[in-house]
1. Considering each of 83, 66, 92, 88 in turn, give the residue that is under 20 Å from residue 125 (Cα atoms) and touching a strand residue (DSSP E or B) at 6+ places or on another chain (Cβ under 8 Å).
2. Can you tell me which residue within the range 62-94, out of those that are on the phi < 0 side of the Ramachandran plot and outside any strand (DSSP E or B), is surrounded by the most Cβ atoms within 10 Å (Cβ to Cβ)?
3. Across the range 102-113, what is the number of residues that are surrounded by fewer than 19 Cβ atoms within 10 Å (Cβ to Cβ) and either touching a residue at least 40 places away in the same chain (Cβ under 8 Å) or in contact with a strand residue (DSSP E or B) (Cβ under 6 Å, 6 or more places away or on another chain) (or both)?
4. Quick test of your reading of the structure: residue 60 fulfils all but one of (1) modelled with pLDDT of 90 or more; (2) in contact with a strand residue (DSSP E or B) (Cβ under 8 Å, 6 or more places away or on another chain). Name the failing condition by number.
5. If residue 54 satisfies every condition in (1) more than 12 Å from residue 29 (Cα to Cα); (2) modelled with pLDDT of 90 or more; (3) in contact with a strand residue (DSSP E or B) (Cβ under 6 Å, 6 or more places away or on another chain) but one, which is the exception?
6. Go through the range 15-46 and give me each residue that's over 20 Å from residue 122 (Cα atoms), modelled with pLDDT under 85 and exposed (fewer than 11 other Cβ atoms within 10 Å of the Cβ).
């Protein structure tokens, strides 16, 4: 019985070690939002292709200041918000994300490289 318990514990720790080794260590590039949330978005308006979203002030991939707005809805992988009276949207999945690591509170993603709200560079999202 002791041998079976030891084998079981050994297998458990081996699975945990392999899982941790294979875990993606890079930024995920997913922006979490729900209707009513205050967020920061690129101030370029319609036609903007940087798709920058953040939880903190900063600049977007195209160099403009991020402005605050409120999420109107989230559906089909997009966050919708109003800017200058027009409803706009951006993807919830960025090609670039903040590189500040675990515990990051800015949550910045973008479709273009640049800086995030906490002053770190945006890095390409690991696939």
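1. 92
2. Taking the candidates together, the pick is 94.
3. Number of matching residues: 4.
4. (1)
5. Exception for residue 54: condition (1).
6. Correct list: 15, 16, 17, 18, 19, 20, 21, 22, 23, 46.
The values are calculated or read from the model by the stated rules, or taken from the named source; none is laboratory data. Please read all numbers here as calculations on a predicted model, not as lab measurements. Reconstructed Cβ throughout: ideal geometry from the backbone, glycine too, with neighbour counts over all protein chains shown.
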